[in-house]
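In what follows, a single structure is set out as structure tokens and then discussed.
Bear in mind that the values in this text are calculations on the coordinates, not laboratory data. All values reported here derive from a predicted model rather than from experimental measurement. Cβ: placed from backbone, ideal geometry, glycine included. Neighbour counts: every protein chain shown.
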Amino acid sequence: MKILVNARADTVGSLLRPPWLKTARERYAACGLSAAEFKRLEDAAFDEVVKLQEDAGLEVITDGEMRRVSFQSQLAEAVEGLGNPSIDAYLWGDWSGTEGVGDKRIARPKSLGVTGKLRRRRHLSVEEFVYLRARTTRTPKVTLPSPSLFANFWSEGSTEAYATLDDFLWDVAEILREEVDELVRLGATYVQLDAPQYPLLLEEKTRRFYEERGWDLDLWLSKGIELDNHVIGAHPDVTFGFHLCRGNQGSRWLSSGSYEAIARQIFGGTNADRLLLEYDDERSGTFEPLRHVPKEKTVVLGLVTTKTGRKRETVEGLEACVREATKYVPIERLAVSPQCGFSTSVVGNEISPEDELHKLRTLVETAERIWGKCYRPATPAPESI
């Protein structure tokens, strides 16, 4: 019987980096700060976000991705074969924004690509987990990127290192699977894969980029999920989350659309236990695609926006949304969270630390109103698992 993390108020991953940490990162990159000095500042930022989450009352605690340039950057930093990408490698695309933010196009860096066979130099997130585990008694969550996300690195010149995109992505998946195995060996009980590339298939303009890599929509879903399940592997004592969003940088997004076109394949195909889904506004469509969620999975409704502080959600409003979702998923298999991280890269979103804390506390208060007091121990999953 699998043991599941049963948090009703979850968090996606990243939190706002303090300005002094951003400055320290720039100084370190310019050789104006020693590795030891920079590490002490990273640790201090790490400690602050752990306290922030505990003060908010969250059951699940992340490191806020304080040690990362982007939610996906630790792979390129940990392996040889992806060159030395700048932050532009994680920010490019046709970004859309609300009033006051505006649209922004960032060109794909010409240097972005696969430069050689992948070889792991170090682990990706082991340091993050070990440090986090020692600083909280609550459930630590580690976030990792989904393998097929790295199709972004694939270009015409990549065939000098790998004959096909498939070969490259299977090497990515194997490195990530080894990372999961090591995290589990060290005691991790909650691991999340971040997979924004799947909702990007919902719109023609973003889907076209992925199809130009060589796979059509059906292949992106079937092969991508196969890669994700390879990373997840077989770990009966670990809960796996699967996060789907539509882009999140500088309070902008990359795509819109209902989950319906990908719901059956992804919700039913992934071996993850918790589906963390973006649902903070009308761009995500209705809850109707949740009818495709298998009965053994929990749906974490990303009802709270991380893109703006101008929208301050209320407990009453969030509870109404959860009740609406029960038309498709029973209340005992629902939870709530932000729609994405507050700072999926060092750029962050246009939101204040005060708004961030308010939103996290509102999530906890909503969970306690609906499901009762938080901090429940892990509980057995249904016998069907």
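Taking H as built 1.01 Å from N, whose amide H comes closer than 5 Å to the amide H of Thr143, not counting residues under 5 places away?
It is Gln192, by chain and number.
Work out how much length Asp218 to Lys205 would gain on full extension: take 0.36 nm times their residue separation and subtract the Cα-Cα distance, in nm to one decimal.
3.0 nm
Work out how much length Lys295 to Arg120 would gain on full extension: take 0.36 nm times their residue separation and subtract the Cα-Cα distance, in nm to one decimal.
Length gained, Lys295 through Arg120: 59.3 nm.
Once you have a ≥ b ≥ c as the square roots of the Cα gyration tensor eigenvalues for segment 86-212, tell me rounded if a/c is under 1.5, and otherwise prolate or oblate according to whether a/b is larger than b/c.
oblate
How much length is gained if the chain between Ile106 and Thr314 is pulled fully straight, taking 0.36 nm per residue apart and subtracting their Cα-Cα distance, in nm to one decimal?
71.4 nm
What is the magnitude of the charge dipole of the chain about its Cα centre, with +1 placed on the Cβ of each Lys and Arg, -1 on the Cβ of each Asp and Glu, and no other charges, expressed in debye to the nearest 20?
440 debye
For segment 266-327, what's the relative contact order in percent, using C-alpha pairs closer than 8 Å and at least 6 residues apart?
Worked out over segment 266-327, it gives 36 percent.
Cβ neighbours within 10 Å, averaged per peptide: list 5-16, 305-316 in order, most packed at the top.
5-16, 305-316
Tabulate in residue order the Karplus-calculated ³J(HN,Hα) for segment 294-301, using 6.51 cos²θ - 1.76 cosθ + 1.60 with θ = phi - 60°, rounded to whole Hz; enter x for Gly and Pro.
x, 5, 8, 9, 9, 9, 9, 7
In Å, what Rg and Dmax follow from the Cα atoms of segment 1-118?
17.6, 52
Quick one: net charge around Tyr162, please, counting Lys, Arg +1 and Asp, Glu -1 for every other residue with C-beta under 9 Å from its C-beta.
Net local charge, Tyr162 excluded: -3.
Report the convex hull volume per residue for segment 228-279, counting only C-alpha atoms, in Å³.
Spelled out: Cα convex hull of segment 228-279, divided by residues, is 101 Å³.
Taking a cut-off of 18 Å between Cα atoms, list the lysines near Lys39, but don't count ones fewer than 8 places away on the same chain.
Of all the lysines, those that pass the test against Lys39 - Cα under 18 Å, at least 8 places apart if same chain - are Lys22.
Near the amide H of Leu4, under 5 Å away, which other amide H atoms are found, from residues 5 or more places off or on another chain, if H is placed in the peptide plane?
Thr379, Ala381
From the square roots a ≥ b ≥ c of the eigenvalues of the alpha-carbon gyration tensor of segment 254-373, which class results: rounded (a/c under 1.5), prolate (a/b over b/c), or oblate?
oblate
Pop out the ³J(HN,Hα) list for segment 111-118 in order, Karplus 6.51 cos²θ - 1.76 cosθ + 1.60 with θ = phi - 60°, rounded to Hz; leave Gly and Pro as x.
Residue by residue, segment 111-118 yields 7, 6, x, 8, 9, x, 4, 6 Hz.
Using only the Cα atoms of segment 103-152, what do you get for the radius of gyration and for Dmax, in Å?
Looking at segment 103-152, its Cα Rg and Dmax stand at 16.4, 45 Å.
Given Lys223/Lys297; Lys110/Lys205; Lys141/Lys205; Lys307/Lys359; Lys327/Lys359; Lys104/Lys359, which pairs have Cα atoms separated by over 23 Å?
The pairs that break the limit, which is 23 Å between Cα atoms, are Lys141/Lys205; Lys327/Lys359; Lys104/Lys359.
With r as the distance between the Cβ atoms of Lys39 and Asp237 and R0 = 25 Å, compute the FRET efficiency 1/(1 + (r/R0)^6) and round to 0.05.
Calculated value: 0.20.
Given the -39500 (n - 2.57) contribution per DSSP H run of 4+ residues, what per-residue ellipticity at 222 nm results for the chain, rounded to the nearest 500 deg cm²/dmol?
So the calculated ellipticity at 222 nm is -11000 deg cm²/dmol.
Amide H of Leu276 versus every other amide H placed in the peptide plane: which residues, excluding those fewer than 5 positions away on the same chain, fall under 5 Å?
HN-HN under 5 Å from Leu276: Phe242, His243, Leu244, Val300.
Pick out, from Leu124, Ser96, Val79, the residue whose Cα sits farthest towards the positive end of the charge dipole of segment 70-130, with +1 on the Cβ of Lys and Arg and -1 on the Cβ of Asp and Glu.
Val79
Classify segment 179-299 from the C-alpha gyration tensor, please: rounded if a/c falls under 1.5, else prolate or oblate depending on whether a/b exceeds b/c.
prolate
Rounding to the nearest 20 debye, state how big the charge dipole of segment 147-202 is about its Cα centre with +1 on each Lys and Arg Cβ and -1 on each Asp and Glu Cβ.
260 debye
Given [x] 105, 54, 33; [y] 55, 47, 47; [z] 81, 45, 40 as candidate values of Cα extents along the principal axes in Å, which corresponds to the one derived from the coordinates?
[y]
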